[in-house]
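Below: the structure, in structure tokens.
The values are calculated or read from the model by the stated rules, or taken from the named source; none is laboratory data. Everything numeric here is computed off the predicted structure, so don't read it as measured data. Glycine also receives a Cβ, built like all others from the backbone with ideal geometry; neighbour counts cover every protein chain displayed.
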Amino acid sequence: MWRTIFIWDVHGCYKELKLLVKRIRTQEDDKVYLTWDAVNWWPKSYKVLKFLYKNKEQFKSVAWNNDLGFLRWYDSQGKEYNHQYSKKAFKELKEKIDEKKAYHLIDFLRSLPLYIEEDNFILVHWWIVPWKPLREHTEDEITCIRTYQERPWYEYYNWEKMVVYGHWAKNGLRVRKNTIWLDSGCVYWRCLTAYVLETGDVYTQNATQLYINLYKKKNENKEIDK
């Protein structure tokens, strides 16, 4: 029997992604969905994009804030940039795409939908406004916003259809009545996680190294904010 598998925010952790897929033992009939930020914060954003493009018939994905941030930076030739992203990672990805003339990967990023709706779930990167039709959501609403009136958005959500999402690494796995939330912070030396919808099975792959020192990053951002 085929499975519906969700994998959360990859952030360029290509090695861990391949190890996790091997651990899950994905079969040809399995359907794999990703909420992931494929790029930003290294270490192998280019390889992650190549993998997703190569396997796009089986591995479906939605648009992510980090990847939209990269596209805005790319299209503006570096003028539109938000300090929450890694400019160095963006430059390295652009250089690799230019070197390989792999501009189809840029087109591929542009083609990704803001959400995927199936009979039994809705897949988004982060946010749904419960009183607003899906088709009316903006890019920033559906990929970036975490709270409304200082409360997590999912506390307002009362639709019957399950929503699967990621984006908020510090909170880890939360399976509620009609939402599944997971971003286990692989890039911060934690783990990459997958969830099987039909069985509730959880698969994890520990980070193979520390890619981003979260404490140091927070301090750097404080200096920028000043």
Ile180 fails exactly one of (1) part of a strand (DSSP E or B); (2) within 24 Å of Glu118 (Cα to Cα); (3) modelled with pLDDT of 90 or more, namely (3)
Which of the numbered conditions does Gln77 fail, given that it passes all the others? Conditions: (1) on the phi > 0 side of the Ramachandran plot; (2) modelled with pLDDT of 80 or more; (3) crowded, with 18+ Cβ neighbours inside 10 Å. (3)
Within segment 89-97, can one find any residue that is under 26 Å from Ile5 (Cα atoms) and of a type in the set (Gly, Ala, Ser)? no
Of the candidates Leu197, Leu123, Leu134, Leu109, the one satisfying the condition of being touching a strand residue (DSSP E or B) at 6+ places or on another chain (Cβ under 7 Å) and surrounded by 19 or more Cβ atoms within 10 Å (Cβ to Cβ) is Leu123
Flag if Glu118 is at negative phi and of a type in the set (Asp, Glu): yes
Of the residues in segment 131-155, how many are in a strand (DSSP E or B) and in contact with a Phe, Trp or Tyr (Cβ under 7 Å, 6 or more places away or on another chain)? 2
Given (1) at pLDDT below 80; (2) under 25 Å from Asp30 (Cβ atoms); (3) more than 19 Å from the chain's Cα centre (by Cα), number of the condition Arg190 does not satisfy: (3)
Quick one: would you say Tyr74 is under 20 Å from Asp9 (Cα atoms), among the hydroxyl-bearing types (Ser, Thr, Tyr) and touching a helix residue (DSSP H, G or I) at 6+ places or on another chain (Cβ under 8 Å)? no
Which of the numbered conditions does Ile122 fail, given that it passes all the others? Conditions: (1) part of a loop (DSSP other than H, G, I, E, B); (2) in contact with a Lys or Arg (Cβ under 7 Å, 6 or more places away or on another chain). (1)
Which numbered condition Ile97 misses (of (1) among the β-branched types (Val, Ile, Thr); (2) touching a strand residue (DSSP E or B) at 6+ places or on another chain (Cβ under 9 Å); (3) modelled with pLDDT of 80 or more; (4) surrounded by 18 or more Cβ atoms within 10 Å (Cβ to Cβ)): (2)
Condition test on Asp67, is it out of contact with any Lys or Arg (no Cβ under 8 Å at 6 or more places or on another chain) and part of a helix (DSSP H, G or I)? yes
Right, Asn158: at pLDDT below 80 and farther than 13 Å from Thr35 by Cβ or not? no
What are the residues in segment 71-118 that are acidic (Asp, Glu) and outside any helix (DSSP H, G or I), if any? Glu80, Glu117, Glu118
